[in-house]
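The structure under discussion appears below in the form of structure tokens.
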Amino acid sequence: YIPLLLIIAYVATKYIEPKFVWDNFKKMLIAFVIYAALFVPIMYVVNIKEAKANLDVISALRLQSVDYNGAIEIYNEVLDYRTSGTNEYLRRMAEYVDGLIVNRNVTPYEATKFVEIVDRELEARAEAFPADVQNYLLFMRHYNYTYVIDPDRLYKVGPLGEKALEHSPTRPQIYYELGYADLYLYQRMIEENRQEEAVKYQKSTVDNFQKA
């Protein structure tokens, strides 16, 4: 950005006739202060903030295999930056947390704490961008991976899928996630000897996977 600004300034002074003349140094100083006051925040938001977020994510990736608490703390801080990469950072964090839980690398208390963080962020993104199907898909997949914490989480996949289908009715991934949720619920009904409900979820599992 700095070279571009210098080029613009050069062209302006060489080819554009000034409409007024500075009459003293004080006015020039005031103009410089105003310019600096505007330039620094713009540079921070556009370049520095984005770069810091990327560097912090790299730090989180390096910590993932040695310190999951530290990695998740960094991911959480990066999400607060609200940069253009927030969706990607949230996806990385959700997939990391889901992997920790599926592979049983964390205690039940830690699993619950981490899932609550991801749930909160995903809910906020879904509310802020209600037409973004990717957010719904990530949320559905997150529920399907983490139902071991609470099997009732599977019941939340369906409503998310309905919202996603409103915006993208032919997207196969939506039906896959719906199908997996129904499959897990079917298995649960069988284990609990709830035959009528098991039949219902067995049918919806087949239907969703066929649509996918």
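Kindly indicate the residue of region 48-101 that is in contact with a Phe, Trp or Tyr (Cβ under 6 Å, 6 or more places away or on another chain) and among the small types (Gly, Ala, Ser) and also surrounded by the most Cβ atoms within 10 Å (Cβ to Cβ) among those meeting that condition.
ALA60
Looking only at region 140-157, how many residues end up being assigned to a helix (DSSP H, G or I) and open to solvent by 30 Å² or more (accessible area, probe 1.4 Å)? Show your work before the answer.
Here is the first cut: in region 140-157, the ones assigned to a helix (DSSP H, G or I) are 140-145, 151-157.
Next, from what is left, pick out any that are open to solvent by 30 Å² or more (accessible area, probe 1.4 Å): 141, 145, 151-152, 155-156.
Counting residues in region 140-157 that are assigned to a helix (DSSP H, G or I) and open to solvent by 30 Å² or more (accessible area, probe 1.4 Å) gives 6.
How many of the residues making up region 102-119 are at pLDDT below 95 and either crowded, with 20+ Cβ neighbours inside 10 Å or under 18 Å from ILE58 (Cβ atoms) (or both)?
Selection size over region 102-119: 0.
Against the conditions (1) modelled with pLDDT under 95; (2) within 23 Å of ASP119 (Cβ to Cβ), where does GLY158 fall short? Just the number, please.
(1)
Starting from residues that are over 23 Å from PHE114 (Cα atoms) and in contact (Cβ under 8 Å) with a residue 40 or more places away in the chain, keep the ones in region 168-186 and report whichever is surrounded by the most Cβ atoms within 10 Å (Cβ to Cβ).
Ranking the candidates gives ILE174 first.
Select, from LEU137, LEU160, LEU122, LEU165, the only residue that is aliphatic (A, V, I, L, M), open to solvent by less than 60 Å² (accessible area, probe 1.4 Å) and over 27 Å from ILE72 (Cα atoms).
Answer to the check: LEU165.
Is it true that some residue in region 168-186 is among the charged types (D, E, K, R), closer than 23 Å to GLU127 by Cα and in contact with a Phe, Trp or Tyr (Cβ under 6 Å, 6 or more places away or on another chain)?
Initial filter on region 168-186 (among the charged types (D, E, K, R)): 171, 177, 182.
Still in the list and also closer than 23 Å to GLU127 by Cα: 171, 177.
Those left that are additionally in contact with a Phe, Trp or Tyr (Cβ under 6 Å, 6 or more places away or on another chain): none.
No; the residues of region 168-186 include none that is among the charged types (D, E, K, R), closer than 23 Å to GLU127 by Cα and in contact with a Phe, Trp or Tyr (Cβ under 6 Å, 6 or more places away or on another chain).
Does GLU162 satisfy the criteria of being touching a Phe, Trp or Tyr at 6+ places or on another chain (Cβ under 9 Å), acidic (Asp, Glu) and in a helix (DSSP H, G or I)?
No.
The values are calculated or read from the model by the stated rules, or taken from the named source; none is laboratory data. Bear in mind the structure is a predicted one, so any value in this text is a computation, not a measurement. Every residue, glycine among them, receives a Cβ derived from its backbone with ideal geometry; neighbour counts consider all protein chains shown. Calculation scope for accessible area: heavy atoms of the full protein, side chains included, ligands and nucleic acids excluded. Shrake-Rupley method; radii C 1.70, N 1.55, O 1.52, S 1.80 Å.
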